[in-house]
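Scroll down for the structure; my scribbles are underneath it.
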Amino acid sequence: MLKEMKLSGLIIDPTTNTPVVILKDLEDKEVISIWIGLLEASAIAVELEKIDLPRPMTHDLVKNVFNSLNIQVSKVEVTDLKDNTFYAFIHLAMAGKTIKIDARPSDAIAIALRTKSPIFVDEEVIKKSKKINLESVKEADKTDESGELKDLLEKMSPDDFEYKM
């Protein structure tokens, strides 16, 4: 079952200095974090901040090609999580046909933002993501002898990690 989500924030993981996309469902009940590359984070940030660049970036080029060929992005889906890697598809509508294109979630999200297309996440991916996050906290807890990290994490909400756009 798919759950519609929205981009809630773009943050930097303080441990790895890696950008992280935060998706929340429309009811603000479920949250999923996806670690992405720096270039993709820049592309997402440019769109979120509505920065006008003199030349199109790659995701803008893809949007322009779609527009020129009368192709609509009907939706983006984050479909799986295997070995800490997320998988996604971009669904295209063209001349009465639907085409499903394999994509990295970061690219799919960057294109969805530019085309104002909905983002969906499979509920199984949300469950797997929660399990991975819990395992990470347990690993960090093993090295946190004073318990300070555990106390801090228990008191924080997802909003505490977000960079608001």
Within segment 23-75, DSSP-loop trypsin sites (Lys or Arg not before Pro) with at most 11 other C-beta atoms within 10 Å are Lys29, Lys50
Put in order of increasing Cβ neighbours within 10 Å, starting from the fewest, Met1, Met57, Met94 give Met1, Met94, Met57
So, over other residues within a Cβ distance under 13 Å of Asp102, counting Lys, Arg +1 and Asp, Glu -1, the net charge is -1
Ordered by number, the GluC sites (Glu not before Pro) in segment 1-84 that occupy a DSSP loop and have at most 15 other Cβ atoms within 10 Å are Glu27, Glu49
If each part is reduced to its alpha-carbon centroid, segment 1-36 and segment 46-116 end up apart, in Å, by 17
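Readers should treat all values here as calculations from the given coordinates under stated rules, not as data from a laboratory. Computed from a predicted structure; not experimentally measured. A quick note on method: Cβ atoms are made from the backbone with ideal geometry, for glycine too, and the neighbour counts reach across all protein chains shown.
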